Amino acid sequence: MNERIDSLNIASQIKPINKDIIVEYTPSTNVVSYSYTLYKNEEIIDTYNSNTNKKTSIIMDETGVYKIVIKEIDSSGKEITLNSGFYNIDKEKPIIEVSEQLLTMELGDKLDLFSDVKVTDNFDGNLTNKITTNYNELDFNTTGIKKLVYTVSDEAGNIASKTVNINVVSNVTDSLIYIQIGIITILIAILYLLLSFRRSVNLEKRISKFSIKPIKDNSLSLFDNILKFYKNLVSKISNVISKSVFIQKYSKRFEKYLSLSKHTHSSAIDFVSSKLIIGFSFVLMAIFSKTIQYQVLSIYEVCIPFLIGFFVLDIIYFSKYKIYRNKIENDLLQAIIVMNNAFKSGRSITQAIELVTTELDGEIALEFRKMNMELSFGLGIDVVFDRFAKRIDLEEVTYLTASLSILNKTGGNIIKVFSSIERSLFNKKKLNLELKALIGSSKIIAYVLFFVPIFFIILVSLINPNYFAAFFTNPIGIVMLIFMIVYYITYIVVVNKVMKVRM
């Protein structure tokens, strides 16, 4: 709505308003011409000349301090100057500044509402003392997120508000003290056991100097005892979870990692047990870190460490398996050459496999040693190479297995077949090396683009931990976070599809 003034206001308007001002200027009957100049913040923004005495409307619709100067010329030629007062228009809301968008308080504590709040206005200056809140309407006797709204109005009637989230947590100071005392007691007990073990070892060394025969020590070392305890714990958990059909199906994906576990895991289901143990270990570390800060974990702070710990073993063994698989892929051509030379000298498939185990080293020799052992136990050549193909999951090994199976069933010139396989693998390896050289720089750029957003998020979070708080406390922020995660995953998948070249 507009503020309409029917005549020129000579007095100054002290109080600002947040509406448009329209001044209706009507000259007297003896005025033959007039002109007006409109000033805003002491600068000319509009001029008008009229050769009649008809009334005119002067409109002021923006924030500022206005003044009107009118010059009239009557019928006798006399010039009269009229100066208006000041018209104050303020349409800008006050600015509320708060230091933190998310506050944490315990049940029973008092919150200083205005310690870190500042309000400024373009006309009224500092309005911090006029701010109001909905503090009395909030229930601080229960835990959870409370939305504290700061509201302030300037003299012109412009209203501004700011919302701050307050996380009310339970008062657990006493329980945290007991937990800390318990943790410190356990740490002291572990330290005492370590010192006792070290003292016994030193005592044994001193006694051994005066003994005719060294004391035979059949006891296990501390590391061996820890490893033994870990294996027993894994075994007990495996016996419990093995009753689940779902876990048994899930554990089958870890069968290919058994050869890389170095006897730590005797079965695939032991991997699932280890994943559970590591997941709970991460949760215990999170609880300990929160305990020394006198804080309690939320449901998210429990789930996230558990999920990270649960999938750590997947990442480790996936990396190991990939390295192991790449080494076998690089050495497979040498194994084919050795087998082909063995066939040319008149040896059988079993003898060719045994020759590979003696001529080559590394992972490929280990796999052929397994096949040689399986053949000595009575398994057929088809079964042995099929098991080898499932363990390694390489296209070349599958091709080799199919060729040997066909030759074993139907017969044929094995030398010619292996010469063809050798030539194909050599050409493929040569082409693969050329391809890696061509797309190497593009892969590096893609990897950099993958990790730059993550590095940026970590860096900003270290500098300002509350910078990304809006993504978790605001509904719009949560939607934006989900959209960004989906967009980032889609970007990674698309780039990988573009960069991947099948041979």
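The values are calculated or read from the model by the stated rules, or taken from the named source; none is laboratory data. Being a predicted model, the structure only gives us computed values, none of them experimental. Heads up, the Cβs are rebuilt from the backbone with ideal geometry, glycines too, and the neighbour counts pull from every protein chain shown. Quick note on the areas: whole protein, heavy atoms, side chains included, nothing else; ligands and nucleic acids left out. Shrake-Rupley method; radii C 1.70, N 1.55, O 1.52, S 1.80 Å.
Tabulated values for the structure
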read-out	value
L220 being at pLDDT 65 or above, surrounded by 10 or more Cβ atoms within 10 Å (Cβ to Cβ) and of a type in the set (A, V, I, L, M)	no
Matching residues, region 415-434, being open to solvent by 40 Å² or more (accessible area, probe 1.4 Å) and of a type in the set (A, V, I, L, M, F, W, C)	I415, V417, F426, L431, L433
Qualifying residue in region 440-447 (condition: closer than 27 Å to Y399 by Cβ and surrounded by 12 or more Cβ atoms within 10 Å (Cβ to Cβ))	yes
Boolean, F343 is aromatic (F, W, Y) and open to solvent by 90 Å² or more (accessible area, probe 1.4 Å)	no
Residue list for region 255-281, restricted to those being of a type outside the set (G, A, S) and modelled with pLDDT under 85	E255, K256, Y257, L258, L260, K262, H263, T264, H265
Complete set of residues in region 32-72 that are open to solvent by 60 Å² or more (accessible area, probe 1.4 Å) and part of a strand (DSSP E or B)	V32, Y39, E43, I44, I45, D46, T47, Y48, N49, I59, K67, K71
Test result for I323, part of a helix (DSSP H, G or I), under 30 Å from T143 (Cα atoms) and modelled with pLDDT of 80 or more	no
Exclusive hit being of a type in the set (S, T, N, Q) and over 17 Å from the mean Cα position of the chain (by Cα), set N466, N496	N496
Positions within region 77-97 being part of a loop (DSSP other than H, G, I, E, B) and free of Cβ contacts under 8 Å to residues at least 24 places away in the same chain, in sequence order	G77, K78
Candidates I485, I492, I476, I457, filtered to the one that is open to solvent by 100 Å² or more (accessible area, probe 1.4 Å) and either modelled with pLDDT of 80 or more or under 23 Å from T163 (Cα atoms) (or both)	I476
Of all residues making up region 339-389, the number that are among the β-branched types (V, I, T), closer than 18 Å to S403 by Cβ and free of Cβ contacts under 8 Å to residues at least 12 places away in the same chain	1
First in region 226-242 and touching a residue at least 24 places away in the same chain (Cβ under 8 Å), second anywhere and of a type in the set (D, E) and assigned to a helix (DSSP H, G or I), Cβ under 7 Å, 6 or more apart	V234/D270; S238/D270
Residues that are farther than 30 Å from F86 by Cα and open to solvent by less than 50 Å² (accessible area, probe 1.4 Å), drawn from region 157-166	V164, N165, I166
Residue match in region 92-109 (condition: hydrophobic (A, V, I, L, M, F, W, C) and closer than 30 Å to D20 by Cα)	yes
Per-region count, region 122-156, residues part of a helix (DSSP H, G or I) and open to solvent by 40 Å² or more (accessible area, probe 1.4 Å)	5
